[in-house]
Amino acid sequence: MNVIEHCEHLVKDIYNQFDASHDFQHIERVRKNAQIISSQEGDVRHDIIELAVLLHDVSDVKYNGSEGKIKEIAILSQLDLSSADRDWIVAIIEAVSFSGGNEKVAATIEAKIVRDADRLDAIGAIGIARTFAYGGAKGRKLYDWSELARRDMSEEDYRTKKTASVTHFYEKLLLLKDLMVTDTGKKLALQRHEFMLSFMEQLKIETSEEL
């Protein structure tokens, strides 16, 4: 079993304990997105990208609370990697999170690829499905048109306030198109972004109180 297979074996059960918005199917889609972007971005460390994708949500605070990076570090310690590669993967994972707009710099092309690959899975049809899956798991309203999207919020505010699922579109999903950092990611994001705009317009029509 090579290092990627070993990592996949260690993370799969963790993800399948999460709700459908962050299960192992999410990881498989992000991995596919990363492969597509990587194929257009020149010389990259494909193994580092794939390992970062496999690990990027295992310690997500939405599911792990105060445990933070414990699961991520524990898994990395079991993999046959150099300390430099472990540190590289940790840095990539830290740069992936949106964090309410308080994201860290993606310093390498590998970090940029993983970030864009993950964000592609947050928009378009699958992004819509994941948003409502997560909202349902957390008992959130589908929509609340009176609720204002927050700007300049702290990471804690972003993670703790229980807003309606549709509000999340305005606080994150509709912003991601302009936050893509690879040329390929930017191109792939356009159609998905337009689909979300169409969905939001239809949702407004169907939930209008006017006859």
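The values are calculated or read from the model by the stated rules, or taken from the named source; none is laboratory data. Just so it is clear, the model here is predicted, and its values are computed rather than measured. Cβ: placed from backbone, ideal geometry, glycine included. Neighbour counts: every protein chain shown.
Summary table
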{"quantity": "Pick from segment 33-45, criterion among the charged types (D, E, K, R) and in contact (Cβ under 8 Å) with a residue 12 or more places away in the chain, ranking: surrounded by the most Cβ atoms within 10 Å (Cβ to Cβ)", "calculated": "Glu41"}
{"quantity": "Index of the failed condition, Glu194 passing every other in (1) in a helix (DSSP H, G or I); (2) more than 19 Å from Ile128 (Cβ to Cβ)", "calculated": "(2)"}
{"quantity": "Considering residues of segment 99-117 that are part of a loop (DSSP other than H, G, I, E, B) and among the charged types (D, E, K, R) only, the residue modelled with the highest pLDDT", "calculated": "Lys104"}
{"quantity": "Listing of helices (runs of 4 or more DSSP H) fully contained in segment 1-83 that carry 2 or more residues being among the β-branched types (Val, Ile, Thr) and farther than 17 Å from Glu110 by Cα", "calculated": "3-15, 70-78"}
{"quantity": "Residues of segment 133-142 that turn out to be surrounded by fewer than 18 Cβ atoms within 10 Å (Cβ to Cβ) and closer than 17 Å to Met200 by Cβ, as a count", "calculated": "2"}
